[in-house]
1. Out of all the residues in the stretch 440-453, is one or more among the charged types (D, E, K, R), open to solvent by 10 Å² or more (accessible area, probe 1.4 Å), in contact (Cβ under 8 Å) with a residue 24 or more places away in the chain and not in a loop (DSSP other than H, G, I, E, B)?
2. Just need a number here: residues in the stretch 660-680 that are under 17 Å from residue 597 (Cβ atoms) and touching an Asp or Glu at 6+ places or on another chain (Cβ under 8 Å).
3. Scan the helices (runs of 4 or more DSSP H) fully inside the stretch 333-431 and keep the ones with 1 or more residues being at pLDDT 95 or above and over 29 Å from residue 484 (Cα atoms).
4. With 665, 692, 637 as the choices, which residue is in contact (Cβ under 8 Å) with a residue 60 or more places away in the chain, farther than 30 Å from residue 362 by Cβ, among the small types (Gly, Ala, Ser) and touching a strand residue (DSSP E or B) at 6+ places or on another chain (Cβ under 8 Å)?
5. Taking residue 313 as the residue in question, decide whether it is within 21 Å of the chain's Cα centre (by Cα) and not in a loop (DSSP other than H, G, I, E, B).
6. Restricting to the stretch 38-49, count the residues that are under 20 Å from residue 449 (Cβ atoms), aliphatic (A, V, I, L, M) and open to solvent by less than 30 Å² (accessible area, probe 1.4 Å).
7. Can you pull out every residue in the stretch 572-599 that is more than 16 Å from the ligand (Cβ to nearest atom) and part of a strand (DSSP E or B)?
8. Taking interchain pairs and intrachain pairs at least six residues apart, which have beta carbon atoms under 6 angstrom, with the first residue in the stretch 35-51 and of a type in the set (A, V, I, L, M) and the second within 10 Å of the ligand (Cβ to nearest atom) and not in a loop (DSSP other than H, G, I, E, B)?
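The values are calculated or read from the model by the stated rules, or taken from the named source; none is laboratory data. The model shown is predicted, which means the values in this text are computed figures rather than measured ones. Using ideal geometry, Cβ is built from the backbone for each residue, glycine included, and neighbour counts are taken over all protein chains shown. Just so you know, the surface numbers come from the protein's heavy atoms only, side chains and all, with ligands and any DNA or RNA stripped out. Shrake-Rupley method; radii C 1.70, N 1.55, O 1.52, S 1.80 Å.
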Amino acid sequence: MNTTIVRAACPHDCPDTCALLVTVKDGVATQVHGDPDHPTTAGALCTKVARYTERTYHPDRLLHPMKRIGKKGEGKFVRISWDEALDTIAARLKAIAVRDPRAILPYSYAGTMGLVQGESMAARFFHRLGASLLDRTICASAGGAGYKYTIGARIGTDIEQFQNARLILIWGGNPIASNLHLWMRVQEAKRRGAKLIAIDPYRSLTADKCHQHIALMPGTDAALALGMMHVLIREDLIDYDYIARHTLGFEALKERVQEWPPERVAQVCGITTQEIEQLAREYGATARRGEGAVIRLNYGLQRVHGGGMAVRNIACLPALVGAWRHAAGGVQLSVSDSFPKNSQALQRPDLMPAGRAPRTINMSTIGNDLLREASPEFGPKIEALVVYNANPLAVAPESPKVAQGFAREDLFTVVLEHFQTDTADFADILLPATTQLEHVDVHAAYGHHYMMANNAAIAPLGEARPNTEIFRLLAARMGFDEPCFAESDDAIAAQAFDSRNVRAIHFDWDALKQKGWQKLNMPEAPFADGGFPTPSGKCEFYSERMKADGFDPLPSYIPPHESVASSPELGKPYPLAMISPPARNFLNSTFVNVKSLRDTEGEPHLDIHPADAAVRGIHDGDRVRIHNERGSFVMKARVTDKARPGLVVGLSIWWKKLASDGKNANEVTSQRLTDMGRGPTFYDVLVQVEKA
Ligand code: SF4
């Protein structure tokens, strides 16, 4: 038997971007392990990807191109040849492009995080076509915007420092489920005596294992950060030297936070003044002692109206107390801007037809936008959608509208997929894509500082093809003859990072493929001596850019679109806040169809506090209907104080077709956007719950 070990990288939308070792026996991948030599993977994988072979060889894998024969959404298809599939697509796109190529929309996100199978050949194709651009906002754009106004770029504390911290605030995230390798280091810090505090409306698996859990109401994190700053300044727990040398706008900030005494903050957040004061004191005192006070700030908290501002406010904290001085201090939201990605070479925006104004569609409002008619303001009606690396029917907000849009008979929809997802059911042409084991890719990360290579471990299954190959073949049929459309995947990967940037010392694709990873040349403590990549070079408590963009230039509080406090009229019929964070065994909507993982997760359930359940006559195990004016769905109630009073939690994202009522939590989420970054507000939702 011929056995080889192939170096690969996890492609999923997870900060950990693990280094994989794939065991291949006679051309069949038999096991996937975490590489013990990769410093952050450290030989461990999450339960999802440890079963990657189960997913790759799943009996439901799409192995041939297909065309729809039933109604849209019915999921009835018949096998066709690649030639027929590609000819059909090219003919439809050409006919639309003659009228107006902006009527064609790509729809993609992080189904793979690979720089090659993500947005390289696909982006070149749509740029050359002159298609509408997609504003890829669905996950992190609000927080990214708030962070960048304050810090300058998504650069932060190195994961490899967390075990040295003395105080760790896990704010708006559940690393046990979605950032496992950071959690391993947090555990080590705990063993060494660090204190862990979770700030989260829900007592998640992670919050349960922290020393303290502050269960604030969703959408109020910005107020908590303002209250912390009030106490820090009032009690003189700040670093005057760091503030003077490396920050901008302290006097104005000081005045602003006077408006946010703990009593006011407690009322807004639904917590006690003692919790706020104690949190601020521990945070300030740890930094003052010269010990690592670090915040793992995650994207959960920015999926609300004021999400961008909330991240901005929290990002001010380390500079206020001088926590950046310590390598195990500061904050990590994402480190993705540490990577010198060469997007120009990968995506070739220069291919866009000269003289045409591109139109941009926000992926978070796809439900509304698919239902819009042509107008001078909107441009042409969307006539064709090409979906890859995404499952908007399950994932996009306000699902009833998304389904209505995808069901349009006059919409031509192409879906590249591994499985027949909720979205694939609406395809006119369904194309089988390769999984990570079957293609080449190169990865940056957003939770560590390693460039990662993915070698193809096995040949493509059935007639599956890499995304790059599909767009290469389509480009040829469209008559696109620029040399970039003939580039191999290896040639694309070799352009992924800009070697002239000092952070990527000697980026060499062939060497990376051999070794599997290479660390960037990042300083241990990125802002110990300031040097923030903002216009002022300082951490900006006051931001002229925000003022110019129409925002309050100082940290402030923007209430949720929907909360009992901010919208009392809506709160009468719909008095419960709902959030739908990731279930441990799923990764967004990926892995939901892997039976062993779905069995572990059980069935869709809603966590509701005993007091909220009692007034509704709901008992543990009852089937309940969750509803608001946008829609409704059914889950099984779990009566538990993991959900704080006034909050219900539906761990997600279930495939709609695998739920008993064919629906999921996005039936009730809204298409309203965040304050900045044009992001979705998945966790800014009021509902009512009743026995089904
Ligand atoms: S999903 Fe995350 S933790 Fe799991 S293997 Fe991939 S990168 Fe690692």
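1. Just the residues of the stretch 440-453 that are among the charged types (D, E, K, R), to begin with: 441.
Those left that are additionally open to solvent by 10 Å² or more (accessible area, probe 1.4 Å): none.
The answer is no, given that none of the residues of the stretch 440-453 is among the charged types (D, E, K, R), open to solvent by 10 Å² or more (accessible area, probe 1.4 Å), in contact (Cβ under 8 Å) with a residue 24 or more places away in the chain and not in a loop (DSSP other than H, G, I, E, B).
2. 0
3. Values: elements: 343-347, 366-370, 392-395, 399-406.
The qualifying helices (runs of 4 or more DSSP H) are 366-370, 392-395, 399-406.
4. On the way: 665 fails: farther than 30 Å from residue 362 by Cβ; 637 fails: in contact (Cβ under 8 Å) with a residue 60 or more places away in the chain.
Result of the check over 665, 692, 637: 692.
5. Numbers: within 21 Å of the chain's Cα centre (by Cα): yes; not in a loop (DSSP other than H, G, I, E, B): yes.
Against the criterion (within 21 Å of the chain's Cα centre (by Cα) and not in a loop (DSSP other than H, G, I, E, B)), residue 313 qualifies.
6. 1
7. Of everything in the stretch 572-599, those that are more than 16 Å from the ligand (Cβ to nearest atom) and part of a strand (DSSP E or B) turn out to be 576, 577, 578, 579.
8. That search, which allows pairs on different chains as well, returns 44/34; 45/34.
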